[in-house]
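Peer 1: Please read through the structure below; I'll follow up with questions.
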Amino acid sequence: MLRRHGARAITVPEAELVDAVRVLSPHDGLATTPSGAAGLAGAMAALADPSHTRDLGLDRLSRILVLLTERAWEDRT
């Protein structure tokens, strides 16, 4: 289904996953794990690399939806 709709993916190193969690940490209610922040890490990596930005067809008018897929461990009850 994703291929049919033109979905694309990039890989990011573990350190960039951790960085994405740190980007979110100042925002109340957005605590997640590194794997939960993978979408944000990918978006940040794509925007930092002009070749990714170009390949993905992103420009200054683009909108990116990022999903956090996990809650941080310490927030689980």
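The values are calculated or read from the model by the stated rules, or taken from the named source; none is laboratory data. Being a predicted model, the structure only gives us computed values, none of them experimental. Positions of Cβ are generated from backbone atoms using ideal geometry, with glycine treated the same way; all protein chains shown enter the neighbour counts. Calculation scope for accessible area: heavy atoms of the full protein, side chains included, ligands and nucleic acids excluded. Shrake-Rupley method; radii C 1.70, N 1.55, O 1.52, S 1.80 Å.
Peer 1: Could you please put S25, S51, S35 in sequence from largest to smallest accessible area, using a 1.4 Å probe?
Peer 2: S25, S35, S51
Peer 1: What distance in nm separates the simple spin-label points at D49 and R63, each placed 7 Å from Cα in the Cβ direction?
Peer 2: For the pair D49/R63, the computed spacing is 2.7 nm.
Peer 1: Two-decimal Rg/Rh of the chain from alpha-carbon positions, Kirkwood Rh?
Peer 2: Checking Rg against Rh, the ratio lands at 1.01.
Peer 1: Could you tell me which trypsin sites (Lys or Arg not before Pro) in the chain are loop residues by DSSP with no more than 14 other beta carbons within 10 angstrom of their beta carbon?
Peer 2: R3, R4, R8, R60, R63, R76
Peer 1: Can I ask one more? Output the relative contact order of the chain, whole-number percent, from Cα pairs under 8 angstrom with separation of 6+ residues.
Peer 2: 34
Peer 1: While we're looking at this one, here's another question. For the chain, what does -39500 (n - 2.57) per DSSP helix run (n ≥ 4), summed and divided by total residues, give at 222 nm, in deg cm²/dmol to the nearest 500?
Peer 2: -10500 deg cm²/dmol
Peer 1: Give me the angle, in degrees from 0 to 90, between the Cα long axis of helix 14-24 and the longest principal axis of the Cα atoms of the chain, rounded to the nearest 10.
Peer 2: Tilt of helix 14-24: around 70 degrees.
Peer 1: Same structure again: I'd like the FRET efficiency for E70 and H5, computed as 1/(1 + (r/R0)^6) with the beta carbon distance as r and R0 of 22 Å, rounded to 0.05.
Peer 2: Step by step, r from the Cβ atoms, then E = 0.35.
Peer 1: Still on this structure, please answer the following. Please report the accessible area of L24 (heavy atoms, 1.4 Å probe, ligands and nucleic acids excluded) in Å², nearest 10.
Peer 2: 20
Peer 1: Next question. Could you compute how much accessible surface T69 exposes when probed at 1.4 Å, giving the result in Å² to the nearest 10?
Peer 2: About 100 Å², ignoring ligands and nucleic acids.
Peer 1: Ok, one more. How big is segment 33-73 by the Kirkwood estimate over distinct Cα pairs, in Å?
Peer 2: For segment 33-73, inverting the mean 1/r across all distinct Cα pairs yields 11.0 Å.
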